[in-house]
Every structure is written in C-alpha cells, then in structure tokens.
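First up is the structure itself, then whatever we jot down about it.
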Amino acid sequence: MALNEGLYKEIMDELAVTKEFIADVAGAFRWDLEQGLRRSEFSSLPMLPSFIGLPEGTEKGEYLALDFGGSNVRASVVRLLGNSSFEVLNWVEKPLVTDEYNLISSSASSTALFDFLAETVGEAVHGNGEREIYLGHTFSFGTEQQDINRAKLIKWAKEIAVPGVEGQDINGLLEAALVRRGFLHIKPVAILNDTVAALLAAAYTYPDTRVGSIYATGYNTCYMEAMPDAGRPACIINMESGAFSKLIPSRWDMELDRNSEQPGRQRLEKMVSGRYIGELFSRLLQAIFDLREKPALSAVDMSSVMEGAAGAAAVVKPIVPEAEVDDIEKIRQLARAITVRSARIVAASWAGTLWHLAGSGRVEPQHIAVDGSVFQHMPYVQESVRRALYEIMGEEAAGLEPVLVKDGSSIGAAIAAAVATCC
Ligand code: BGC
C-alpha cells in the first residue's frame, strides 16, 4: 500500500484552483443569479423569495425558535431586547440519529420526525404554562415559499431522506404535530432558511449586512434583493447557492456525486460543504493508497489532520499503518488542498453576489453574515476566503467584514417571528 506519487501529484494539481478560475466562477455565479431572478431556465440557482426583509434592530419580545437542518434539532426561547441585542433564555438540543433511532433516514416517517420536533419545542417552553408564544422555524432546506409562514419543501439535501415530506407545507406539518402533542399555545408564525436567519441575526446588530451564508454541513447563501423583478416582493432571496452547477468538477467530484443520495443536484455544495469534503478526502485517500475499502473520514478528521503531524498520524495510521512521515505530510497537504479549494469557491460565490448588489458601482463596505462549523473551526478556511476575495475583487475587498454569527438560526427565527406578528 505505497502512496501512488503520480496520482497524488495529478490530484493536487487538480485541486489547486487558480485566481483566474475563481474569478470566472464569481462572474458565472453573478450571471446565474441574475438569470435566476428573471426565472430563466438557464440558471442553476432557484432564487427563492423568503417574504421577509431586513430587521430594524428594534424588534422586541420573547419568541420560541426551532432550528432543524441536519442531524440535530434545537429549540430555544429568545428574548429580543429591541436595542440590537438579545438573550437566549432556554436551550434544548437533541440528536435525530442515535443507536436506538434514526428520524432522518429513508425508513423514518414524517409523523415521527415532526412529533419529535414538537416535543423538543415543548420542552424548551416547559415552565411557561399555557401562555401563548409565537414560534419561528429555521428549516435549512430549499423551500418554495408562499408567505412568511407557508413553505413547501422542494427537495431534501445533506443526505436526509424522510419520505412524505418533499412537496409538503412544513409549517402545516409542524402545526399538526404541535396539536397532536397538545401544545396548542405554541403558534408557528414564520419559517425561514438558515441563511436568512443568519442574515437577520447579523443585520439586527450590524445594519449594513446584506449577505448571509451558511458554511457548515451544507452550504448556501442569501442576500437582500431590493429591486426584484415584477411579481416578486422586495425581500431576502435564498439562492440555494449549493445548487450552482457552472463549475468544472474533477473526476473525483463526479464520482462522489454519482454515489450520493441525489446525483446531479447540489453540485457546488458537494465541492465545498462539511458533509462532502470529508467524503472527498476519503475517496482520494482510497485511490492514492489503493485501499480495498473507502475510509469513513469526516471534515472533523480533516481538521485533525491539518492541525499538525501528531493529529495527522492519529487519523492516517489506523487506515494506512505503514504510512511514513513523508506520506503523512502529503496527506496533510491533501486535506489542506481540499479545504482551501472549498474556501476559494465559497468566496467566489460571495463575490458574484456582491457584484450583483453593487450593480455597475463599487462594492460597498459591509459585514457578511456567516454561520457554520466549517467557517468557524476548520484550519485555513477564514484566511483562504479573505485571500480569495482580494484576488477576485482587489482593494474593494478591504471593506468586507465576514462576521461569525453565533446562534444565528435561533436569533434569526425569533426575529422572523417578531416581524411576522408585529403589526
Ligand atoms: C440546503 C440549504 C441550507 C444549507 C445550509 C443546504 O443543503 O439546501 O437550504 O441553507 O444546506 O444548511
């Protein structure tokens, strides 16, 4: 099981995306965004209106927030103080997958999943008596929205596969589960994507924020569209930017896509997000060492590999016991190359969005709201994003301040519930 030097070099060359490549991606992204706004069939971006605009920072009161977007669910009570600040009062977090149950696989049921969400929400307000409370639901998948409280799931993503939910009104499913569980005093009044929640949360404190992004298990970006085309409200648009498909994938990206739950979909997401970069790393390791089985490594393992020689050896040795120091260093470089490529492509999608917002003028200085474990924790990510923004946009990038939004999904859901019920 010696490291295949030729293949390693070929892969590293393919992963090294150049300045020209990311500038092209940024331009193509803007084109797709603008085509998508006009509902052109040539766009790969769904451009989904969220029926909510930016907050004032003065929204006030106590709201319930539900956050569902992956393998955990969180519910919390959030108090908005009305002066751009907030408090999270109560917090319940539960896994949707354990050794005993799996509520998100293809053999799970919609009723079991939504009953579980309702119970988690009920736990977060436990002690509040029967006092009526409004709920905002951050639901981190692409939905076709008819209003702030009506959204149909288009397609699951992130390998979630519960049958009977696609095409359904998510708030309706939650409302019915709350009734079944006897929580009649909990009123779900708003549903929003996690990117929209991150943007609302950041804009509550930094009013110059126009773009919100999630860079985690999944990847996506939204922005405030002030000049929509006829028939669309001026509101935040969830671009579902993970669906962008005008990128040239490597043969490894294509193989990963072919073996995923939904081949052909979420092409950009499959090159950048936490759910997939660990998978890509595993596939490349298998190929480079010609392993019989594909290792099951995650983005967290990649972080350990990148953190230093000891971390790298701890991950690589159990898979390739005879790996030499030199091989381990090469694997560390491989993890880094996958991560840096991811960050550079993400920056390109932000740049395309900022160019659209700037129209024919300059990109204004502004905060960019970002939430997510990959952005927060993975080595090289933040510096690579920043560097790529400079490479693409030159000195205009100096005014851009990516800001990590903590608890964005909860704060944003509370803000959405406040806006939905305010007047
Ligand atoms: C979903 C998006 C979501 C993103 C980040 C993607 O898989 O399609 O709706 O915003 O993950 O959670």
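Every number here is computed from the coordinates shown, using simple stated rules; none is lab data. Source: prediction; values computed, not measured. Note: ideal-geometry Cβ built from the backbone for every residue, glycine included; neighbour counts use all protein chains shown.
For K317, the aspartates and glutamates whose Cα comes closer than 20 Å to its Cα, not counting residues fewer than 8 places off in the same chain, are E5, E279, D290, E293, D301, E307, D326, D327, E329. What would the Debye equation give as log₁₀ I(q)/I(0) for segment 311-410 at q = 0.12, 0.19, 0.21, 0.24 Å⁻¹, counting only Cα atoms as equal point scatterers? One equal scatterer on each Cα of segment 311-410 leads to -0.52, -0.92, -1.04, -1.22.
Over segment 13-113, what per residue volume does the convex hull of the Cα atoms give, in whole Å³?
Measuring per residue, one finds 256 Å³ for the Cα hull of segment 13-113.
Coordinate range of the alpha-carbon atoms in segment 217-305 per principal axis, descending: 56, 26, 20 Å.
Pairs from the list K60/K406; K246/K294; K294/K330; K270/K294 with a Cα-Cα gap above 24 Å: K246/K294. Here the spin labels are modelled as points 7 Å beyond Cα on the Cα-Cβ line, and at N4 and A161 they lie 2.8 nm apart.
Counting only residues at least eight positions apart within a chain, or on another chain, the lysines with an alpha carbon under 20 Å from that of K152 are K187. Here W91 and C422 are evaluated by their C-beta separation; at R0 = 22 Å the FRET efficiency comes out at 0.35. For segment 1-67, chymotrypsin sites (Phe, Trp or Tyr not before Pro) meeting the loop criterion (DSSP other than H, G, I, E, B) and having at most 14 other Cβ atoms within 10 Å: F42. Enumerate the residues in segment 323-357 having an amide nitrogen under 20 Å from the point lying 7 Å beyond the Cα of E293 toward its Cβ. Counting only backbone N, you get 323.
Each peptide in 401-411, 197-207, 102-112 receives the mean, over its residues, of other Cβ atoms within 10 Å, and ordering these scores from highest gives 197-207, 401-411, 102-112. Sequentially through segment 202-218, phi angles give Karplus couplings (6.51, -1.76, 1.60; θ = phi - 60°) of 6, 5, 4, 9, 10, x, 7, 6, 10, 10, x, 9, 10, 10, 8, 3, x Hz, Gly and Pro residues having no value and appearing as x. Entry note, the chain: relative contact order of 23 percent, from Cα contacts under 8 Å with a spacing of 6+ residues.
Taken over the chain, the convex hull of the Cα atoms encloses 144 Å³ per residue. Put a dot 7 Å past the Cα of E255, heading toward its Cβ, do the same for Q168, and the two dots end up 3.7 nm apart. A convex hull fitted around the alpha carbon atoms of segment 60-192 yields 111 Å³ per residue.
Dividing the helix sum by the residues of the chain, where each DSSP H run of 4 or more adds -39500 (n - 2.57), gives a mean residue ellipticity at 222 nm of -13500 deg cm²/dmol.
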